[in-house]
Amino acid sequence: MKKFLTAPRTALAACLMAGVTAAVHAGPMGFRDSTMAMGDFSPNWREAWVNHALTARDAFGVGGVAMRSDDGRLTREFAELTYTRLVHRVNGEHSQANFWFVGGAGPLSGNDFAGSKTMLAPGVSADYETTRFYVSGSLRLYRAPGINHDVASVRTGFSFYETDYDEVQPWLILEARRMRGLSEKTEITPMLRFIHSRYFVEVGINNMKQGRFNFMYIF
């Protein structure tokens, strides 16, 4: 990658019947035989990847990450092959909880060393959601020889009102994110999220007055 039925008919109930709830709420893979594309873009972190779900629990893909320190002096570029696994899922009457594993590996380049290094990037995430509430947490280790850029984040949010499955639903999301070795600050970002049955978009501005744009689309 270059540098950079609520009540009777809730969105969640319809999604559960279709098997795509996790995708709608930003899980890292879609339903079986689907292809998912996602992106996360801000001045210091730019990421895009695509994967294909071979089963209801397993997906393989490719992606790229461009990282930059707060002062702009340190840059990294990471290209990876990825594997995503839905480890566990619990469905409630109007809720769902998920536990995920995401692993990646590939070459890393940077402006402070010559050539490339092999980076490994295992991670886990968990989420819980209803038609009106969402919370998640994730940790991903970005490790190469002499390099540690682990990223941890937590998110929570709520929808403004109920919608049917085929309508766009607006949410307010708040995320806190920390990136080791790249920033001495905890990034706090409030975002507006607009969800449809196969996509979402998010826009926001963080506590460092930097813009943020995220998207997901399932083919």
- Message: If packing is taken as the average number of other Cβ atoms within 10 Å across a peptide's residues, how do 164-170, 140-146 rank, most packed first?
- Response: 140-146, 164-170
- Computed [θ] at 222 nm, helices only, for the chain once each DSSP H run of length n ≥ 4 contributes -39500 (n - 2.57): -1000 deg cm²/dmol
- Item | Peptide ranges 81-90, 99-108, 112-121 listed from the most packed, as the mean C-beta count within 10 angstrom indicates | 99-108, 81-90, 112-121
- Task: Treat every Asp and Glu Cβ in the stretch 47-198 as -1 and every Lys and Arg Cβ as +1, leave all other atoms uncharged, and give the resulting dipole magnitude about the Cα centre to the nearest 20 debye.
- Result: 500
- Might you report the magnitude of the Cβ-based charge dipole of the stretch 52-142 about its Cα centre, with Lys and Arg at +1 and Asp and Glu at -1, to the nearest 20 debye? 120
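What per residue convex hull volume, in Å³, comes out for the chain when only alpha-carbon positions are used? If you can, show how the numbers build up before the last one.
Numbers: hull volume 22.1 nm³, N = 219.
Here the figure is 101 Å³ per residue.
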- Within-14-Å neighbourhood charge of Arg57 [Cβ basis; K, R +1; D, E -1]: +1
- Message: In the chain, if the dipole is taken from +1 on Lys/Arg beta carbons and -1 on Asp/Glu beta carbons about the Cα centre, which of Ala152, Val203, Phe215 is farthest to the positive end?
- Response: Ala152
- Query: Given Ala53, Thr163, Ala79, which one lies farthest toward the positive end of the charge dipole of the chain, if we put +1 on the Cβ of every Lys and Arg and -1 on the Cβ of every Asp and Glu?
  - Reply: Ala79
- Message: Please list 3J(HN,Hα) in residue order for the stretch 116-128, calculated via the Karplus relation 6.51 cos²θ - 1.76 cosθ + 1.60 where θ = phi - 60°; whole Hz, with x for glycine and proline.
- Response: 9, 10, 7, 10, 10, 9, x, x, 9, 8, 9, 8, 9
- Modelled label-to-label distance, Ile147 and Arg178, 7 Å Cα→beta-carbon offset: nm? 2.2
- Task: Using a 1.4 angstrom probe on heavy atoms only, work out the carbon and sulfur share of the accessible area of the stretch 44-203 in %.
- Result: 62
- For the chain, what is the accessible area per residue in Å² when the probe is 1.4 Å? 47
- Item | Estimated FRET transfer efficiency when R0 is 25 angstrom, pair Val90-Phe160 (beta carbons, to 0.05) | 0.45
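The values are calculated or read from the model by the stated rules, or taken from the named source; none is laboratory data. Given the structure is predicted, the values throughout are model-derived calculations rather than measurements. When we count neighbours, we look across all protein chains shown, and the Cβ atoms used for this are built from the backbone with ideal geometry, even at glycine. Keep in mind that these areas ignore ligands, DNA and RNA; they rest on the heavy atoms of the full protein, side chains included. Shrake-Rupley method; radii C 1.70, N 1.55, O 1.52, S 1.80 Å.
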